[in-house]
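**Student:** Below you'll find the structure I mean.
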Amino acid sequence: MPITKSLTPLYAAGILLVLMSGCASKVDIIGEERVEINHHKSFQEGAFLKVVAELENDDNDETEGFVYQIEWYDKNGIIKDTTPWKPITIHKNQKVQIVEMSSVPDVVDYKIIVSVPEK
Amino acid sequence: MKYLSLSVALASVLILATGCSSTKGGAGMVGYDSNVKYGDAKAVETLTDAFGSTDLQSSAETLTQSLLQSRYIASAAQPPKVRLRSVNNLTYEHIDTKAITDKIRIKLLKSGQVRFLADKANLGEVYDERNLTTTVTDNKNIKLMTDADYVITGNVRSIKKASDDVKDVYYNISLELVNPQTGEIVWADEKEIRKVTSKSTVGW
């Protein structure tokens, strides 16, 4: 019983770590974090993986111009393709939904990279 | 004399040792200390407001994604045969529209959902190759080579406006997927691009 008790927090920590690393690996913000990725999800559409993400500029004063890119990975974690960096503008206190689809088959995972320029 | 020979020996060892261990940086590179550097080919480029690499890449990406989702491609029993026709440049600047369609063709071929027939401009070359490799020309085989399920055509347009302070350029790249037997347009989509230049940052 004491062994089980001592292992429980260890399991919890392990699960938390896995969950955190799982989340962190799908999103990467380069530069100043003036833009937030509120949520993102993916689903299979035919042979291709589709990603939907909501990006938000919660600043009251500034319109944000930045770029983003999606990296597409196969089941072995090998990068299969990347989108070009795409420019996007979000006005102050606005949210924007981005939708991207891989154009190569056998993609099972993705990573959203947002690059915000320094002011 | 003893000290001299010892120091000569030490110096020789030092020279040999440095000769073996220290390889200068820049191996495999020529002119690595020049001002020319390689950059990210997919980076967003805003050097001028003219149609550039970012516009080419984002247009090809968006239109390919859209085309792959059209039911004529996504739900086809087998990958349809498509031929690229010309995309007209209706702007006032030089735009290599073939670069757009070539990029789309590469993406579509990599998707495995579409087969492409040789461009009309290249058909002569293909006929020549056939004549070299076959002695009897079979009409049925020619039909296979020339009959496309769909053709892709399109236009690139731009609208430019400028005030004292701001210059605005709008590009519209539109493509159509047409059934050549019926003339029916089965898919069409567009990519819109707006570029705004402030006079305070760039003079024109």
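**Student:** Modelling each spin label as a point 7 Å along the Cα-to-Cβ direction, I'd like the residue B:93/residue B:75 distance in nm, to one decimal.
**Tutor:** It works out to 4.0 nm between the two label points.
**Student:** Keeping all protein chains in position, work out how much accessible area residue B:105 exposes to a 1.4 Å probe, and write it in Å² to the nearest 10.
**Tutor:** Around 50 Å² of this residue is reachable by solvent.
**Student:** Provide the solvent-accessible area of residue A:40, counting protein heavy atoms only and rolling a 1.4 Å probe, rounded to the nearest 10 Å².
**Tutor:** It works out to around 50 Å².
**Student:** While we're looking at this one, here's another question. Which pairs in the list B:161/B:199; A:95/B:191; A:95/B:199; A:95/B:160 are over 25 Å apart, alpha-carbon to alpha-carbon?
**Tutor:** Those over the limit are A:95/B:199; A:95/B:160.
**Student:** Then there's this: Could you calculate the FRET efficiency of residue A:78 with residue B:184 from 1/(1 + (r/R0)^6), where r is the beta carbon distance between them and R0 is 41 Å, rounded to 0.05?
**Tutor:** According to the calculation, E is roughly 0.50.
**Student:** In nm, to one decimal, how far is the modelled label at residue A:32 from the one at residue B:86, with both set 7 Å along Cα→Cβ?
**Tutor:** Roughly 4.9 nm, to one decimal.
**Student:** Gain in length, residue B:27 to residue B:194, computed as 0.36 nm per residue apart minus the alpha-carbon separation, to one decimal in nm?
**Tutor:** Length gained, residue B:27 through residue B:194: 55.8 nm.
**Student:** Same structure, new question: Let's test this: bin the Cα-Cα distances of the range A:26-116 at 10 Å from zero up to the farthest pair and state each bin's percent.
**Tutor:** Calculated P(r), rounded to whole percents: 17, 49, 25, 8, 0.
The values are calculated or read from the model by the stated rules, or taken from the named source; none is laboratory data. Just so it is clear, the model here is predicted, and its values are computed rather than measured. Here the Cβ is made from the backbone with ideal geometry for all residues, glycine too, and neighbour counts use every protein chain on show. When the accessible area is computed, the model is the full protein with side chains, heavy atoms only, and any ligands, DNA or RNA have been set aside. Shrake-Rupley method; radii C 1.70, N 1.55, O 1.52, S 1.80 Å.
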